[in-house]
Amino acid sequence: MSADFWAGYISGAVGIIIGNPLDVLKVKLQAGLSSSSPPSSPSPSPSPPTPTTPAIKTKLITPSSFLTGTAAPVLGYGALNALLFVSYNRTESTLNNLLSSPSGTGTGSNLWTTWLAGAVGGLATWVVSTPTELVKCRVQLSSSSSSSSSWSTTTQILRDNGVRGLYHGGGITALRDSVGYGFYFWGYELARRCYSSFSGGDGNKAGSGSSTAEILLCGGIAGIVTWASIFPLDVIKTRVQTRDLVLGSVAAAQGGTEREGLLPPPTTRKQKMGGGGGAWEVARMTWAEGGIRPFFKGLGVCSLRAFVVNAVQWAVYEWIMMELGQGRKDGKPVAGTGAGTGTGEMVGLG
């Protein structure tokens with residue numbers, strides 16, 4: 001395995017562990033759940049429940065509860081990083097060979113190719129990120145002890161819906177990842193160039209021997225830029241992937257079983273998806289709740305998480321690459337590494 005794979009895997013795992021407590025809060029806010037509101041009592045003519053129905057009982061918040069849903073991302077992002085880095089590095093290299101840089105300084109000098117390569121890399125991760133995000137979000141919102149682990153949730157989805165069930169919400173996830181990773185790599189490279197320019201270096205490339213402070217600051221900024229650009233998409237993704245869970249909890253409150261909500265049987269799922277579970281319909285319902293505000297619910301928590309997680313993650317990534325002899329020199333990767341601008345995993349785009 002290549003150096004950038006292992007650097008990305010390790011830095012991604014560190015970021016997941018650090019950021020998961022705030023990610024749990026983000027997912028609950030995006031899904032529209034309130035821990036203080038009791039389940040709504042049924043009325044003679046109840047309206048169709050929406051993702052904002054506070055029907056999921058919030059488990060007692062303990063230190064261990066903030067690690068809920070960690071297993072799926074830690075395991076899944078190994079494969080995700082492999083796809084991301086290979087796709088990103090190869091795409092950027094190809095684009096820079098086809099489209100020579102205006103400044104003629106080589107790989108990574110064109111921010112447009114950096115963004116496009118990141119978008120291609122993000123799109124390539126769809127096959128891994130969709131099931132990983134689905135399992136993570138459902139575990140974080142589940143109040144049932146039988147579905148409170150990544151493994152039990154995954155096996156139940158496979159039993160009830162097969163492999164196709166793991167790709168519930170795949171379209172909106174692919175769009176979010178493609179746009180998000182484009183801005184992630186672009187934001188990091190742009191921040192480093194600005195930092196270098198302000199510190200007296202060449203603003204067209206990152207400086208030589210980058211300091212830890214520079215990497216931490218630029219990594220944190222890249223994380224905030226990323227989430228600010230895709231947060232509405234992430235809200236829709238979370239609601240699409242957890243709406244059936246909320247509906248199942250409503251059914252349980254009215255005498256049914258909560259297990260029905262993990263993913264309904266194929267025929268019922270098709271009817272529900274066609275009648276209000278798709279991304280476009282969920283977006284319309286979210287807008288009806290309060291205009292633009294629900295699309296940015298939880299952005300404050302997410303921004304704090306994004307800065308901390310991505311600052312640490314980029315520092316770990318760059319450090320490992322340097323230790324493996326494939327770090328930057330004068331803003332460029334060491335010859336023969338095949339790396340572009342130096343990348344890190346965008347943990348928990350979910």
Subject >> Rg and Dmax of region 286-328, Cα atoms only, in Å >> reply: 17.6, 53
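Multiply the residue separation of residue 288 and residue 86 by 0.36 nm, subtract the distance between their alpha-carbon atoms, and state the gained length in nm to one decimal.
Details: separation 202, 0.36 × 202 = 72.72 nm, distance 4.10 nm.
Full extension of this stretch gives 68.6 nm more.
Given a Förster distance of 41 Å, report the FRET efficiency between residue 281 and residue 198 from their Cβ-Cβ distance, rounded to the nearest 0.05.
On the way: r = 46 Å, r/R0 = 1.13.
Step by step, r from the Cβ atoms, then E = 0.35.
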Original post:
When ranked by the protection proxy of mean other Cβ atoms within 10 Å per residue, highest first, what sequence do the peptides 3-10, 282-289 form?
Top reply: 3-10, 282-289
Original post:
Sorted by average packing, counted as other Cβ atoms within 10 angstrom per residue and highest first, what order do 134-142, 311-319, 298-306 take?
Top reply: 134-142, 311-319, 298-306
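Coordinate-derived values only; no laboratory data. Note that the coordinates shown come from a computational prediction; the quantities given were computed from them, not determined experimentally. Note that we place each Cβ from the backbone using ideal geometry, even for glycine, and neighbour counts take in every protein chain shown.
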